[in-house]
Amino acid sequence: MKAVIMILLSGLFAFLNPQETILSLKTNSSEIKGRMLNSIYRQEIAQSEKIVSILNLDVLSYYDLKNQYNTDSKRTIYKESEDYRIKYSELEELRSQMISLTYFLDFEPDYYDEKSIAINYNPDTRSFSVSNNVSFSSFYDENGFIQFDQILFKCPSGIAVTKKNINYACVDVIEETISFEIKNQNLVPKIEENKNFLRLLCVFSFTGTVALKADRSNLISSDYCFMTDLKSVVVYNSRTNEIYSSYN
């Protein structure tokens, strides 16, 4: 338990300021582990399950007790026990610590998708766009959110998201296009020349969970998405750590 608390406390982090660098942002916050798989960002399953069990105060999941208490009657009796009360109190403390900390998700877009270069510039809107697909079963069907797997970010000023249903490799997914305005037009040629090093660093805190609609959930995907308090989205070059733009 102490080890878990220490890992969570390592993410304690102050609000962003203009002097922050990519290194300091990452050093002073905790990493969300994940990667692109077939154009879909996937968070590490073990980490995701741990986060949802803490945020939902799910004693049976967090302490791996579901197999032991596998019927309604067993669970009812256990929830009246002193052991359950102790574990629930510990989980409440972990949840309090978790929502007070700051995390980062370092998104690396696919440089190429099957049809075209996945990082594009639109001179009319002065915006670059990157793509990320979301599994239909995990999709949070509300406007104004950026979604990476089960993690939701409210779009900050300067960033817009469009979504459409597609069928990818015989699987229904939501194609998410994330567009971000570049106000300094002198940066456009530099970004285009270094597209394969473009990253989006999302800095945020967890605030809770939201249940997916019944027709979206299934036995494979989690029934919840993670709500967050987004501090900033930082667009940067992963080779040089040069920050192109930030959106709060």
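All of the numbers you see were taken from the coordinates with simple rules; none came from a lab. Only a predicted model underlies this, so the values are computations on that prediction, with no experimental measurement involved. In this analysis, Cβ positions are derived from the backbone assuming ideal geometry, glycine residues included, and neighbour counts consider all displayed protein chains.
Spatial offset of segment 180-202 relative to segment 26-98 amounts to 37 Å, using the alpha carbon center of each.
Here the Karplus curve 6.51 cos²θ - 1.76 cosθ + 1.60, taken at θ = phi - 60°, turns the phi angles of segment 96-106 into couplings of 4, 5, 4, 6, 8, 9, 10, 10, 10, 10, 9 Hz, with x standing for Gly and Pro. Its Cα centre serving as origin, segment 43-198 has a Cβ charge dipole (Lys and Arg +1, Asp and Glu -1) of approximately 260 debye.
The simple Förster model, with R0 at 35 Å and r as the Cβ-Cβ distance, assigns residue 157 and residue 61 a FRET efficiency of 0.40. For residue 199, the residues whose amide H sits under 5 Å from its own are 236, 238, ignoring neighbours fewer than 5 places away on the same chain, with H placed 1.01 Å from N. Using only side-chain charges placed at the Cβ, +1 for Lys and Arg and -1 for Asp and Glu, the dipole size of segment 26-118 relative to its Cα centre rounds to 120 debye.
Karplus-derived 3J(HN,Hα) values for segment 234-243, using 6.51 cos²θ - 1.76 cosθ + 1.60 with θ = phi - 60°, are 10, 8, 8, 9, 6, 7, 9, 6, 5, 8 Hz; glycine and proline are entered as x. In this simple spin-label model, placing a label point 7 Å from the Cα along the Cα-to-Cβ direction at both residue 229 and residue 46 gives a separation of 3.0 nm. Only one residue of 102, 77, 88 has its Cα farthest out toward the positive end of the dipole of segment 51-105, where Lys and Arg carry +1 and Asp and Glu -1 on Cβ, and that residue is 77.
Over 24 Å apart at the Cα level, from the set 33/231; 183/231; 26/66; 79/154; 33/74; 26/164, are 26/66; 79/154; 33/74; 26/164. Normalised by the number of residues in segment 22-78, the mean separation of alpha-carbon contacts (under 8 Å, six or more apart) gives a relative contact order of 15 percent.
In this structure, residue 68 and residue 185 have a Cβ-Cβ separation that, at R0 = 35 Å, corresponds to a calculated FRET efficiency of about 0.05. Distant-in-sequence amide contacts of residue 231, defined by a placed amide H-H separation under 5 Å and a gap of 5 or more residues or a different chain, comprise 203, 204, 205.
Compared with the alpha-carbon gap, the fully stretched path from residue 108 to residue 175 is longer by 22.5 nm at 0.36 nm per residue. Can you tally the net charge around residue 158? Count Lys and Arg as +1, Asp and Glu as -1, for every other residue whose Cβ sits under 15 Å from the Cβ of residue 158. After counting each charged neighbour, the total is +3. Taking amide H as placed 1.01 Å from N in the peptide plane, the amide H of residue 150 sits under 5 Å from that of 43, each at least 5 places away or on another chain.
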